[in-house]
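The block underneath contains the structure these notes are about, expressed in structure tokens.
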Amino acid sequence: MKTIACGLLILAMKTPCLAQTPPSDPTPPPTNTTVSESSSSSTSSLSTLDRRLRAKELLADALTEESHWLETTEGKILALFRPTEDKVTKGALLLLHAAEDPQSWPPELENLRQKLPQYGWETLAISLPQAYAPEPPKRELAPAVESQSSSSQADDPNTSTNAETTNASSSQSSSSTPTEDKPHTVAREQLIKAYILAALNFLNQKGRFNLVVLVDNSSLYWCMQLLSPSIKTNTRDPNTVDGPLQALVITNLQPQEPLTTAELEASFSQSQLPVMDIFFGPDNSVQQAQRDKHRAVAMRNKLQHYQQTLLEAQPKVVEDDSNSFLLARIRGFMEKKARGTEIQAKEVKNQP
């Protein structure tokens, strides 16, 4: 009986032990987890980098007759070209906007791109690089943290030696690395110049030399830095610009990047160039001050054909609206200031 009782006791002790045995851990080893997380983050970052290119490829596939990949010194860019839909080609409008994705264009600009060809104006639209975000301000360590850190380093001679080595290498790296602002500014300037030159070359190959440029305030300065030197004063006809650019339309769609007085002075350097300066509502005090600055610089530089327009409380513009107010205003401006310069010159030459 004692033997049986001992056997039952041993069996009872073994049974809960077997029931409480933990299952096999489904979590992979730490090394595999790290690899998996690293692979996942790498895939995520790659998808973010390729998102814009993929969006442009999809847009190019959807607009096969309008999309063109232009070769530039900085790589290929997507351009959307719509030929004239009228009997007479009056010129071409080059639309420039600082939006990396064409899908992010405002409906006002897309409306111009689609509908102006119906009135004899061909359109070529390209996206320019956005302005780089400012560098975040540097934070200084609190004095208590610095004293605690210095006291701990003083206690450990090895830590002090390592800190000196780290500081030396850090100072050497910072002295050899240029500041962030300057390379970013130069890089954006080079990209804008390369993109616009590729667009002009595309239009020239199609025989389009009567050109109007529409650009937002974010890219106006760099655009005019490229185009202004090619514009010459026309002594024969003061109402006609002697250069590839016949008129300029400024769309102030980026109020977060107001133009400085120096940038306006450089952009308004050609007194014969017709300029249409468009502001959009709501017209608050900040925008009113900016409008006054634009007008003052234009008058000081003696712009002969400067028009400032405020579009406030207008109906919402949609892409396929053929009667939008903005479309009518810009078309009227181009008809009056930049229509068929080459055709007029030919007619004058053929007169007896």
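Readers should treat all values here as calculations from the given coordinates under stated rules, not as data from a laboratory. Nothing here was measured: the structure is a model prediction, and the numbers come from that model. Quick reminder, even Gly has a Cβ in these numbers, built from the backbone with ideal geometry, and neighbours come from all protein chains shown.
What does the charge count near LYS302 come to, summing +1 for each Lys or Arg and -1 for each Asp or Glu among other residues with Cβ under 14 Å from its Cβ?
Cβ neighbours under 14 Å give a net charge of +1.
Between SER271 and SER322, take the C-beta separation as r, use R0 = 45 Å, and let me know the FRET efficiency to the nearest 0.05.
0.80
Extending each Cα 7 Å along its Cβ direction at THR261 and GLN304, get the distance between those two points in nm, one decimal.
Using points 7 Å along Cα→Cβ, the separation is 2.7 nm.
Spin-label point model (7 Å from Cα, Cβ direction): what's the LYS293 to GLU85 distance in nm?
3.9 nm
Report the gain in length on full extension from GLN118 to ALA131: 0.36 nm times residue separation, minus Cα-Cα distance, nm rounded to one decimal.
Numbers: separation 13, 0.36 × 13 = 4.68 nm, distance 3.33 nm.
Net length gain for the segment: 1.3 nm.
Could you give the length gained by full extension between GLN190 and THR233, i.e. 0.36 nm per residue of separation minus their alpha carbon distance, to one decimal place?
Length difference between fully extended and current span is 12.8 nm.
Which cross-chain or sequence-distant (5 or more) residues have an amide H under 5 Å from the amide H of ASP242, H modelled 1.01 Å from N in plane?
It is LYS232, ASN234, by chain and number.
Might you report the magnitude of the Cβ-based charge dipole of segment 261-334 about its Cα centre, with Lys and Arg at +1 and Asp and Glu at -1, to the nearest 20 debye?
Computed about the Cα centre, the dipole is about 320 debye.
Let me have the relative contact order for segment 263-335, percent, based on Cα pairs under 8 Å that are six or more residues apart. Working shown, then result.
Details: 61 pairs, mean separation 29.7, N = 73.
The normalised contact order for segment 263-335 reaches 41 percent.
Relative to the present Cα-Cα distance, how much length would full extension add between LEU226 and LYS76 at 0.36 nm per residue of separation?
Details: separation 150, 0.36 × 150 = 54.00 nm, distance 1.97 nm.
Stretched out fully, the LEU226 to LYS76 stretch lengthens by 52.0 nm.
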